[in-house]
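The values are calculated or read from the model by the stated rules, or taken from the named source; none is laboratory data. Note that the structure is a prediction, hence the values are computed from the model and not measured. Cβ placement follows ideal geometry from the backbone for every residue including glycine, while neighbour counts extend to all protein chains displayed. Note: areas computed on protein heavy atoms with side chains; ligands, DNA, RNA excluded. Shrake-Rupley method; radii C 1.70, N 1.55, O 1.52, S 1.80 Å.
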Amino acid sequence: PRDLAQAIGMSESSLKRWADRGLLKVTRTAGGHRRISIKDALSFVRTKRINILAPDAIGLPTRSEKLNLDADSFNERLFDELVAGNKDDVWQMLIGRYLEGASIAEIGDGPIKSALKEIGDKWGHDADAIFVEHRATDLCLQIVQQMRMLATSERKLFRATGGAIQDDPYILPSMLVASIIVEH
């Protein structure tokens with residue numbers, strides 16, 4: 001509770017009161033102390049649309065200037081980072097948008113779709129181009145899996161089936177569909 005309170009800029013006692021009223025899921029240690037999982041903390045923050053002021057207090061990367069871009073500039077920057085294979089920067093950009101409240105669907109249909117389409121359009125079919133495309137897709141897939149883990153609820157209500165065009169070797173569309181259903 002102390003770490004989450006620091007991360008969102010509120011008092012620990014207020015956070016504990018919310019937990020005691022059932023607004024925030026907590027578990028209790030054998031000694032009676034409240035514990036909040038990172039998953040429950042992020043669910044609470046996203047549901048209540050609370051800004052994370054000090055993400056490092058809960059083990060998340062600090063807010064990057066890469067998030068302060070308009071949609072077109074963000075998409076261009078994501079494209080550049082994916083082409084370069086900068087996993088940490090791509091992670092920070094996409095997870096950052098998720099933590100700010102963007103849904104998995106918005107991220108998948110927005111910056112991921114835009115960047116991967118541009119990679120497909122700009123690059124040919126030589127070995128280097130195929131490598132860049134596969135690496136970029138794999139990075140996006142890893143990050144969508146992390147978002148899905150953060151969004152997973154205790155109750156299993158749906159099964160998801162995704163699809164892609166014939167002979168498409170990627171599982172990213174199916175993972176996005178499954179993650180969106182889990183999120184909702």
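Listing for the model above:
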| item | result |
| --- | --- |
| Translational diffusion coefficient (Stokes-Einstein; Kirkwood radius from C-alpha pairs) of the chain at 20 °C, 1.002 mPa s, in µm²/s | 120 µm²/s |
| Student exercise, the chain dipole from Lys, Arg, Asp, Glu Cβ charges, in Debye to nearest 20 | 1580 debye |
| Exposure of H33 as accessible area (Å², to 10), given a probe of 1.4 Å and all protein chains | 110 Å² |
| Selected from A71, A127, A41 as most flexible by GNM, with the chain as the system and alpha-carbon contacts under 10 Å | A127 |
| Unit charges at the beta carbon, dipole of the chain: most positive-side option, L15, L4, Q142 | L15 |
| Cα centre as origin, Lys/Arg/Asp/Glu Cβ charges: segment 1-79 dipole, Debye | 580 debye |
| Unit charges at the beta carbon, dipole of the chain: most positive-side option, G101, G120, V132 | G101 |
| Kirkwood hydrodynamic radius of segment 1-106, Cα pairs, Å | 15.1 Å |
| Net lengthening on full extension, K113/R21 (0.36 nm per residue, minus Cα-Cα) | 29.1 nm |
| Sparse-neighbourhood loop sites, trypsin sites (Lys or Arg not before Pro) in segment 29-112 - DSSP loop, at most 15 other Cβ within 10 angstrom | R49 |
| Accessible-area ranking of R17, R2, largest first, probe 1.4 Å | R2, R17 |
| Sulfur and carbon atoms: percent of accessible area, the chain [1.4 Å] | 50 percent |
| Relative contact order (%) - the chain, alpha-carbon pairs under 8 angstrom, separation at least six | 18 percent |
